[in-house]
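Report on one structure; see the data block that follows.
The values are calculated or read from the model by the stated rules, or taken from the named source; none is laboratory data. Everything numeric in this text was worked out from a predicted model, so none of it was measured. We place every Cβ from the backbone using ideal geometry, glycine too, and count neighbours over all the protein chains shown. All accessible areas refer to the heavy atoms of the entire protein, side chains included, with ligands and DNA or RNA removed. Shrake-Rupley method; radii C 1.70, N 1.55, O 1.52, S 1.80 Å.
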Amino acid sequence: MQAVRRSLRGSTCLALRCACSAQQNIWQFPLVSRMHCSRVQDSKVPTQPHERELSSRSLLDLGFTETQAETVCEGVIKALGKRSDTCDISTIKALLVLGLNSSSIVKILDKSPGLYKEKGPVVEKRIQNLSKLGLVEGNIQRVVSHYPQILGIPAKNVNAVVQFLKTKCLFTSQQVREILRDSPQVVEENLNDVDYKFQYAYFRMGVKQPDMVKARLFKVDIEELRCRHCFLERRGFYQTPDKKGQTLVLNPKLKDFLAVPEDVYLEKFAKARKAELDVFRTLLAREDRDEGIKEEHWPIEEGVEGIEAEEDVIDLQRGDMGSSGYERRKRK
């Protein structure tokens, strides 16, 4: 009997030691595993009412300073028009499980107050979806810190943009991961605009996918892309490649003239004054209005079903860019 008691006592102590060890080493596990462990712990440990409410007390218990807690509570009132203790704190817990500290979380909520409206389990699923898309430790924290709005977008919308980049623009999985990391705002763009920007760079400028990724193409407005490109073209410093990919001038790389400040662009590539560029920008905008350039986009339904049902599909497999741009073929 005593042997049985000693065995049970030893098993209990071992279980407690394992639980403590798991809590201390939770950051050694991958992101998805950490979130799973967090949900398991929350389901097993009884939660007091105040621990579920977003209040100064609950924030202090999570490691926030008094100043940070006050800032968050004030942010709730500004964003939702109601007291913070009527809100769920689970979203903030999800951000903590992601590995973000209290200072970063305060900045994230300030950038994207819409996250106050989101529920923790929903935010967790969206974080897990980003992880499944290839945003590993470090990258996903960076994306959320710089563009927290991505956690307010449904996973199916993010996946639709990812599928479009892969199947219609022929980016590789690695290239799509880099696009999500460096230009996460692409997930909020209309697919028509994503398509137009890609086709403009591919057919009109003769830029291939790897160079688009390096230049962070989807981080730049289409108006700025066209302005910088057309200004170089009309000054004789850029030429659309022919069917064999050849030009009479040496085109600068997209990343070199697109991702630099305007003064560097003017001095090094356009060799012009700012006043000249400003006048050209105005004239180009007027041309756009007169010609209705953006009306030339063909409609693309949003969502996965819309992508599959698209009637006009660019034929990238041919490798025929031509000089007129926007080569298309009708679906049979």
Run the numbers for K255 and E276: contour at 0.36 nm per residue of separation, minus the present Cα-Cα distance, in nm.
5.3 nm
Potential lengthening between E70 and Q128 on full extension [0.36 nm per residue; Cα-Cα distance subtracted]
17.9 nm
Report, in listed order, any pair from K168/K244; K208/K274; K208/K255; K208/K244; K214/K253; K107/K214 with a Cα-Cα distance greater than 20 Å.
K168/K244; K208/K274; K107/K214
For the stretch 106-153, with all protein chains present and a 1.4 Å probe, just round the carbon and sulfur fraction of the accessible area to a whole percent.
53
Can you give me the distance in nm between label points at S103 and T247, each placed 7 Å from the Cα along the Cα-to-Cβ direction?
4.5
Tell me the carbon and sulfur percent of the accessible area for the stretch 203-285, rounded to whole percent, probe radius 1.4 Å.
53
Which whole-angstrom value gives the distance between the alpha carbon centres of the stretch 238-288 and the stretch 179-234?
14
E291 paired with R142, simple spin-label distance in nm, labels 7 Å along Cα-to-beta-carbon
3.7
Go through 198-210, 269-281 and give me the packing order, highest mean Cβ count within 10 Å leading.
198-210, 269-281
Distance-filtered residues of the stretch 108-140 - backbone nitrogen under 15 Å, label point 7 angstrom along K156 Cα→Cβ:
126
For the stretch 194-268: accessible area per residue (Å², 1.4 Å)
48
